[in-house]
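The values are calculated or read from the model by the stated rules, or taken from the named source; none is laboratory data. Note that the coordinates shown come from a computational prediction; the quantities given were computed from them, not determined experimentally. Backbone-built Cβ (ideal geometry, glycine too); neighbour counts: all protein chains shown.
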Amino acid sequence: MQGGLLSLAWVLLAGMAHATPAPDPVLVLGRISDNPKAHYEQLQPLLDYVVARMHDVGIREGRILMARDPQQMASYLRRGRVDWVTETAGTAVALGLRSGAQPLLLTERSGVREYHTVFFVRRDSALQRVEDLRGHRLALQNTASTSAYLVPVMTLLERGVTPQILAGNWDVPGPDAVGYVFARSELNVATFVHKGLADGGAVSSVDWEDEARVPAAFRRDFRVLLRTEPYPRAVEVVRGDLDPRVRERLQQVLLQAASDPRAQVALQRFFGTSGFHRVDAHAQQRLDELKQGLTRVRMEVE
């Protein structure tokens with residue numbers, strides 16, 4: 001009898017070892033934030049909507065975890081503390097390089113799925129091409145910006161121009177380099193150029209058309225030097241080892257959300273999201289270009 005019980009115990013243990021582990025019942029949405037309270041209010045409604053539709057893959061609860069910078073968020077992704085992050089394309093590829101996170105979907109915001117960078121100068125400037133910025137100052141936003149930092153610096157490198165960060169308003173670039181300064185906001189980028197504090201600026205095409213960021217009175221005095229190729233505006237990424245069942249269901253729920261009236265308020269609060277789209281070959285090519293450009297910027301500029 002004792003031998004029979006031992007045999008049964010071994011059979012049960014063997015069965016447990018080969019059983020598919022139950023998924024973690026908690027879905028964690030992450031955000032890089034300098035204002036956690038405001039971002040929490042933007043994230044929570046869509047997270048609630050998603051979790052309510054993922055019970056079939058074992059998800060019962062949703063949580064939000066904020067990170068102070070991309071490095072901390074990458075650590076959360078590597079350690080499995082965050083499952084899903086919504087970010088700009090540049091930060092998304094940076095998280096991929098640091099943590100192995102994978103793009104899940106493209107995010108359309110306010111009807112815009114792609115945008116590009118606009119290089120501009122004052123209308124009375126003698127500069128005619130991006131290459132003419134050598135020996136001059138370029139106003140950018142900050143290192144977290146895809147369209148107003150990463151893409152402009154990538155573009156300069158691709159055109160054989162060396163970007164140099166300037167130490168302050170008193171600093172000047174070398175004759176063969178473009179010196180860039182951080183203005184911290186799109187409006188400040190426009191102001192720096194308009195007031196002659198910088199010889200050129202770079203912002204996204206969305207911000208270029210936004211009067212709150214590039215006032216019409218300023219834009220009349222500007223001239224476009226270059227519009228770059230378009231890049232995805234934003235990307236939803238998931239950690240690389242997320243349970244495939246959870247990943248697939250999350251993707252399905254988000255793709256269907258734009259056509260669900262019950263999701264509209266939550267989507268609008270989720271940074272003005274108007275829909276999600278699959279990452280097609282064109283978008284993947286653009287993301288790969290950003291990844292290559294980011295690697296080059298880190299090696300040659302930062």
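Answer yes if at least one residue in region 255-268 is modelled with pLDDT of 95 or more, closer than 30 Å to Ala167 by Cβ and of a type in the set (Lys, Arg), and no otherwise.
no
Among the residues of region 104-125, is there at least one that is of a type in the set (Asp, Glu), surrounded by 16 or more Cβ atoms within 10 Å (Cβ to Cβ) and on the phi < 0 side of the Ramachandran plot?
Yes: one or more hits.
Which of the residues belonging to region 216-273 are surrounded by 14 or more Cβ atoms within 10 Å (Cβ to Cβ), under 30 Å from Arg122 (Cα atoms) and within 22 Å of the chain's Cα centre (by Cα)?
Answer for region 216-273, where residues must be surrounded by 14 or more Cβ atoms within 10 Å (Cβ to Cβ), under 30 Å from Arg122 (Cα atoms) and within 22 Å of the chain's Cα centre (by Cα): Thr228, Pro230, Tyr231, Pro232, Arg233, Ala234.
Looking at Arg298, is it touching an Asp or Glu at 6+ places or on another chain (Cβ under 7 Å) and free of Cβ contacts under 8 Å to residues at least 60 places away in the same chain?
no
What helices (runs of 4 or more DSSP H) completely inside region 163-278 contain at least 2 residues that are in the same structural domain as Gln44 (by TED's automatic domain parsing), closer than 30 Å to Asp83 by Cα and in contact (Cβ under 8 Å) with a residue 60 or more places away in the chain?
Filter on region 163-278 gives 244-257, 264-269.
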